[in-house]
Amino acid sequence: DPALVLADVLDSLQKYTKRHGLSACVVLDEVQEIDRLPGARTIEAILRTHLQEHRDIPFFFVGSRRQALTEMFATARPLYQAGYLYPLDRIPRVDFVPYITGRFAANGKKCSDETAGHIFDRVEGYPAYVQRLASSAWDLTSVLCTKEKVDEAYRRLLVLAGVEHGATWMGLPLGQRALLLALAVEPTVQ
């Protein structure tokens, strides 16, 4: 039972840190995915109990779907007002470009600042997409990553995304598809 395992792990962490005089924190990434698990509300309730009973261990609930996180923490559910919602900005280009070039270098390959900037710009700085595109470009690179390899990696990722999201697309009503096509052609901030 995932709920019992979670409770046991959190209790064990609490006991271990106290016994050894250590500090700890719990980071749950993509926490909104709890909703997909059987017994989701029970799991949320266990987390709430541990937040209340073990205040010396901070919890960080991280996720990429803002609406789902808002529903978890701002509506009448077990984690209601259990923390603060703090949106994170995208990682700035000035920080991401050296990271990309550094990761290529650490693995024996070269990627210029210009090409790393192209990776960043191609996916408009969305961190998950920057990482996917950089990884895909890295796979295509034997020694030197080029803009052409980045563009090829981008094309390949689009094909994979088409396969991944094709069923969802086909299941949308025609009006929703038309709206999405219009937004793809002419994005808006609204």
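The values are calculated or read from the model by the stated rules, or taken from the named source; none is laboratory data. None of the values given here were measured: they were computed from a predicted structure. Cβ sites come from the backbone with ideal geometry, for glycine too, and all protein chains shown count toward neighbours. Please note that ligands, DNA and RNA were not included when accessible areas were found on the heavy atoms of the full protein model with its side chains. Shrake-Rupley method; radii C 1.70, N 1.55, O 1.52, S 1.80 Å.
Show me the helices (runs of 4 or more DSSP H) found entirely inside segment 20-114 where at least 1 residues are crowded, with 16+ Cβ neighbours inside 10 Å, aromatic (F, W, Y) and at pLDDT 90 or above. Spell out the reasoning first.
Working: elements: 40-53, 66-74, 93-106.
So the answer is 93-106.
Results for (1) within 20 Å of the chain's Cα centre (by Cα); (2) closer than 23 Å to D89 by Cα; (3) touching a residue at least 12 places away in the same chain (Cβ under 8 Å), shown as yes or no for each residue.
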site: A116; (1), (2), (3): no, yes, yes
site: Y126; (1), (2), (3): yes, yes, yes
site: L144; (1), (2), (3): no, no, yes
site: L183; (1), (2), (3): no, yes, no
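Taking the criterion of being open to solvent by 60 Å² or more (accessible area, probe 1.4 Å) and of a type outside the set (A, V, I, L, M), the residues of segment 172-190 that qualify are P173, Q176, E186, P187, T188, Q190. Of all residues in segment 1-19, those satisfying the criterion of being over 12 Å from I46 (Cβ atoms) and either touching a Lys or Arg at 6+ places or on another chain (Cβ under 7 Å) or open to solvent by less than 100 Å² (accessible area, probe 1.4 Å) (or both) are S12, L13, Q14, T17.
Residues in segment 131-138 include none that are out of contact with any Phe, Trp or Tyr (no Cβ under 6 Å at 6 or more places or on another chain), at pLDDT 95 or above, in a loop (DSSP other than H, G, I, E, B) and among the aliphatic types (A, V, I, L, M). Total residues in segment 116-130 satisfying the condition of being open to solvent by 10 Å² or more (accessible area, probe 1.4 Å) and assigned to a helix (DSSP H, G or I): the figure is 7.
Is it the case, given these coordinates, that A161 is at pLDDT 95 or above and either open to solvent by less than 70 Å² (accessible area, probe 1.4 Å) or part of a loop (DSSP other than H, G, I, E, B) (or both)? Outline the logic, then answer.
Details: at pLDDT 95 or above: no; either open to solvent by less than 70 Å² (accessible area, probe 1.4 Å) or part of a loop (DSSP other than H, G, I, E, B) (or both): yes.
So A161 fails the test.
If the condition is being surrounded by fewer than 19 Cβ atoms within 10 Å (Cβ to Cβ) and either among the hydroxyl-bearing types (S, T, Y) or not in a helix (DSSP H, G or I) (or both), then segment 139-148 contributes S142, V143, L144, T146.
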